[in-house]
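Q: Right, I'll just put the structure down here and ask away after.
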Amino acid sequence: IWQHLVEIVKTGKVSVIITTHYIEEARQANVVGLMRNGCLLAEGPPDAVMKQHSATTLERAFLQLCETSDQICSKQGSSPQSGPLENSQSFESGRDESRPILAVGPGAAEEIPKYSADWKVRARHMMPKWRNIAALMIKTMVRMKRMPGSLCFQFLLPVIQVSLICLCVGGDPKGIQVAVVNNETSPSGFSHTLLSFLDNSSVYQVPLSHTEAFNGIYNGEYWGVIGFGKNFTSYLTKRMMQRQVSKEVVDGGSVHVWLDQTNQQIAIMLQKKVHEAFQAFVTHKLGSMSYLADLPIKFEEPIYGSQNTDFTTFVTPGAVLSITFYLAVGLTALSFVLERKEGLLDRCWVAGVSSMETMLAHLFSQLFVISFQIILLLLFILLVFKIPNEGSLVLVIILIVLQGVTGISFGLVISAGIDDEQSANQAALGIFYPNLILSGIIWPVECIPYPLRYISLALPQTYASEALRCIMYRGWDLSQMMVWRGFAVTLGWNTFFLILATVILKLRT
């Protein structure tokens with residue numbers, strides 16, 4: 001707009017008079033006049049006005065003029081409007097119309113009547129106005145509409161993240177190389193039959209000698225060594241058929257496994273696959289009598305979940321809440337920073353918008369984006385990746401939306417308290433990993449030592465993640481304490497962050 005005005009002044013031979021409360025945008029004008037209380041304190045080219053008062057900005061020059069005016073008025077014991085009158089000339093006097101008007105005349109110094117309003121008027125004035133909120137929301141939506149690429153990326157980013165988590169986290173490792181040292185020479189030995197039941201998609205067997213196998217595992221070429229004695233078949237048969245055998249028979253009839261435990265997940269998987277292979281081998285050999293070789297510990301059908309529950313199932317609810325929370329923080333952490341930088345925030349204050357209305361407008365605008373993200377998230381985890389949900393889908397959606405609101409509120413706190421983009425980004429990213437680690441999202445809270453566990457229980461996502469797991473996997477509702485506690489803590493953090501952001505914004509304006 002300013003570029004257009006400057007252009008028409010240069011080419012169209014017209015003059016443009018602009019009034020504005022935003023002083024700095026008048027720097028491009030040829031002549032500026034700074035007015036206060038109906039008095040024109042200074043008039044001239046912007047650079048000349050700043051140079052005269054040794055100021056780097058027009059705002060600073062205006063501040064000095066106001067301070068000087070107040071000092072003159074206090075010395076004269078009169079109102080600010082009467083100070084410059086003695087040296088001013090009015091357009092009405094007709095004596096010199098080339099000089100600026102410094103006051104409206106002696107009659108302007110009359111006492112200004114004081115008005116009072118009852119509590120109803122004051123309350124109505126303090127309450128947020130929905131027309132203002134709607135206007136601010138339209139402004140935010142227009143800004144989003146002007147960046148369609150960024151908006152599409154915001155919609156797709158949570159889907160990409162949760163897809164990567166479901167695809168890459170919690171599954172069984174594939175193609176793990178394991179050295180096999182089989183000292184049995186007979187092709188019909190039990191060792192060959194047992195190895196045939198080993199899951200070949202997860203475990204890749206490499207037959208080697210004893211020396212080669214251990215050299216390979218020491219050099220990091222293999223994740224484990226599976227060894228069989230030369231009398232494995234006969235010794236295992238004796239262990240199964242005879243009541244009492246020697247220690248040598250027990251040792252010779254056992255499968256010996258040496259593992260590289262530097263990667264716990266791979267080591268646990270290998271233990272599980274070897275155990276499953278042995279159970280399948282026993283069932284194959286003994287048939288209906290295979291229970292004789294079972295461990296004297298029987299795991300019945302689980303109360304909640306299934307026997308094949310993997311780590312992905314545990315981590316997905318917390319990951320969904322974490323993605324929703326931090327994307328909401330990212331959406332709003334820079335909102336006030338950018339608006340302050342572009343001058344939009346100052347224009348809102350001049351237009352009479354309150355800090356509460358600004359907070360609610362940003363909250364509702366970003367909630368629209370968050371809602372669309374949540375819909376895509378749920379479609380992918382429930383329909384594409386088949387994550388089980390035994391509880392109410394309405395409760396799941398409400399809890400995720402509330403966590404999104406918590407992220408928006410926290411982002412507003414950051415945006416209200418920080419002026420530059422770099423610091424806002426650092427503040428938003430700085431709490432990511434501590435919250436991810438301490439909230440029981442990727443590892444159970446019960447594993448956290450007690451001094452840190454108290455901090456963990458105070459975080460916004462700890463109880464919420466636990467509540468979402470209870471809803472999705474146990475089918476619980478709000479009658480259970482572990483469920484309603486997650487909702488209560490989330491609502492408490494929402495209220496705290498919104499009040500804190502409003503107070504910070506109010507103090508800074």
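Q: So if I take the centroid of the Cα atoms in region 5-65 and the same for region 213-246, what is the distance between those two points in Å?
A: 91
Q: Here is a further query. Tell me, what is the 1.4 Å probe accessible area of ASP346, in Å² to the nearest 10?
A: Roughly 60 Å² of ASP346 is accessible to a 1.4 Å probe.
Q: Additional query: Just subtract the alpha-carbon distance of ALA458 and PHE385 from 0.36 nm times their residue separation and send over the number in nm, one decimal. Don't skip to the end; give the middle numbers.
A: Working: separation 73, 0.36 × 73 = 26.28 nm, distance 3.14 nm.
Between ALA458 and PHE385, full extension yields 23.1 nm more.
Q: Using DSSP, restrict attention to beta bridges with both residues in the chain and report what percent are antiparallel, rounded to the nearest 5. Let's see the in-between values first.
A: Working: 9 of 18 bridges.
Roughly 50 percent of the beta bridges in the chain run antiparallel, per DSSP.
Q: I'd like the accessible area for GLU390: 1.4 Å probe, protein heavy atoms, all chains in place, Å² to the nearest 10.
A: The value for GLU390 is about 120 Å².
Q: Less than 12 Å Cβ to Cβ from ILE133, Lys/Arg counted +1 and Asp/Glu -1: what total charge do the surrounding residues give?
A: Working: positive: LYS129, ARG131, LYS139; negative: GLU357.
Net of charged neighbours comes to +2.
Q: Which of the aspartates and glutamates could a cross-linker bridge to LYS341, judged by Cα under 18 Å and excluding same-chain residues fewer than eight apart?
A: GLU24, GLU25, GLU59, ASP419, ASP420, GLU421
Q: In degrees, nearest 10, range 0 to 90: what is the angle between the Cα axis of helix 232-241 and the longest Cα principal axis of the chain?
A: 80
Q: Give the long-range amide H neighbours of GLY224: residues separated by 5 or more places, or on another chain, with amide H under 5 Å away, using H modelled in the peptide plane at 1.01 Å from N.
A: ALA179, ASP260
Q: Also, quick follow-up: Once you list every other residue whose beta carbon is under 15 Å from the beta carbon of THR462, what net charge do they have if Lys and Arg are +1 and Asp and Glu are -1?
A: With Lys, Arg at +1 and Asp, Glu at -1, the neighbours total +1.
Q: A further question on this structure: Calculate for the chain the 222 nm mean residue ellipticity that helices alone would give, adding -39,500 (n - 2.57) per DSSP H run of length 4 or more and normalising by residue count, nearest 500 deg cm²/dmol. Don't jump to the answer; show the numbers that get you there.
A: Details: 21 runs with 285 residues, N = 509.
Computed mean residue ellipticity for the chain: -18000 deg cm²/dmol.
Q: Mind checking which of ALA42, SER54, ILE18 is farthest towards the positive end of region 10-54's charge dipole, using Cβ charges of +1 (Lys, Arg) and -1 (Asp, Glu) about the Cα centre?
A: Sorting the options by dipole projection puts first ILE18.
Q: Read phi for every residue in region 270-279 and hand back ³J(HN,Hα) as whole Hz from Karplus 6.51 cos²θ - 1.76 cosθ + 1.60, θ = phi - 60°, with x for Gly and Pro.
A: Working through the residues one at a time gives 5, 4, 5, 5, 5, 5, 5, 5, 5, 5 Hz.
Q: Now for a different question. Within the set of other residues whose C-beta is less than 10 Å from the C-beta of ASP172, count the net charge using Lys and Arg as +1 and Asp and Glu as -1. Kindly include the intermediate steps, with their values, before the conclusion.
A: Numbers: positive: LYS174, LYS272, LYS273; negative: ASP199, ASP310.
Charge balance near ASP172 sits at +1.
Q: Additional query: Output the 0 to 90 degree angle, nearest 10, between the alpha-carbon long axis of helix 355-379 and the longest principal axis computed from the alpha carbons of the chain.
A: Orientation of helix 355-379: about 30 degrees from the principal axis.
Q: Before I look further, what does region 350-485 give for accessible area per residue, probe 1.4 Å, in whole square angstrom? Provide the component values of the computation, followed by the final result.
A: Numbers: 6090 Å² over 136 residues.
Per-residue accessible area for region 350-485 comes out at 45 Å².
Q: Helix 148-168 versus the longest principal axis of the chain: what angle, 0 to 90°, nearest 10, using Cα atoms?
A: For 148-168 against the chain, the angle is about 20 degrees.
Q: Also: Of LYS272, LYS298, LYS174, which has the most accessible area with a 1.4 Å probe, and how do the rest follow in descending order? Spell out each step's value before the answer.
A: On the way: LYS272 100, LYS298 155, LYS174 135 Å².
The most accessible residue leads, giving LYS298, LYS174, LYS272.
Q: Let me ask something else. Roughly how big is the chain's charge dipole about its Cα centre, with Cβ charges of +1 (Lys, Arg) and -1 (Asp, Glu), in debye to the nearest 20?
A: That gives the chain a dipole magnitude of about 680 debye.
Q: Follow-up. Can you give the accessible area of LEU167, probe radius 1.4 Å, in Å² rounded to 10?
A: Roughly 130 Å² of LEU167 is accessible to a 1.4 Å probe.
Q: Further, regarding this structure: Once P(r) over Cα pairs in 20 Å bins from 0, in percent is worked out from the coordinates, which option in (i) 18, 37, 27, 16, 2; (ii) 16, 32, 25, 15, 8, 4, 0; (iii) 24, 57, 18, 1 does it equal?
A: (ii)
The values are calculated or read from the model by the stated rules, or taken from the named source; none is laboratory data. What you see is a predicted model, and the numbers here were worked out from it, not measured in a lab. Every residue, glycine among them, receives a Cβ derived from its backbone with ideal geometry; neighbour counts consider all protein chains shown. With ligands, DNA and RNA removed, areas are computed over all heavy atoms of the protein, side chains included. Shrake-Rupley method; radii C 1.70, N 1.55, O 1.52, S 1.80 Å.
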